[in-house]
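Asks: This is the structure I want to talk about, given as structure tokens.
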Amino acid sequence: MKLFNWSNKKDQQDKEIQTQVDYLQTENDQLLNQVESLKLDLSEFKEENERLKEALNRSQFRRGLIKMGIGMAILVVSYILLVLVGERNTNLPWILLIEAAFIFFMLNRGESK
């Protein structure tokens, strides 16, 4: 009878250990699934971040080109007006250089914000 009880206790301990192992295994599987889903979420966020960075760079580049075009147009219009007004040719380069510097600083000041 004692031999029977001893083996019964051992079986019961084995069953408890097995249930603990099963519980830990299911918990481990759940945690692995959560890690995998977080990895997928992270990769999706990285892709979205890269896409938004590219869109931002393209739009800033486009805005820079537009500003440069506007600045060049202003210089051309200024040159035409100065020639029509009859400004001396020796003063034209200096006036246009000062105006170009002013336009350059004004256009770049807006990009830093």
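The values are calculated or read from the model by the stated rules, or taken from the named source; none is laboratory data. The model shown is predicted, which means the values in this text are computed figures rather than measured ones. Quick reminder, even Gly has a Cβ in these numbers, built from the backbone with ideal geometry, and neighbours come from all protein chains shown.
Asks: With the checklist (1) modelled with pLDDT of 85 or more; (2) loosely packed, with under 10 Cβ neighbours inside 10 Å; (3) of a type in the set (A, V, I, L, M) in hand, flag the one item residue 42 doesn't pass.
Replies: (2)
Asks: Restricting to segment 78-102, count the residues that are surrounded by 13 or more Cβ atoms within 10 Å (Cβ to Cβ) and at pLDDT 80 or above.
Replies: Within segment 78-102, residues that are surrounded by 13 or more Cβ atoms within 10 Å (Cβ to Cβ) and at pLDDT 80 or above number 7.
Asks: Give the residue, chosen from 95, 80, 103, 66, that is touching a residue at least 24 places away in the same chain (Cβ under 8 Å), on the phi < 0 side of the Ramachandran plot, part of a helix (DSSP H, G or I) and of a type in the set (Val, Ile, Thr).
Replies: 103
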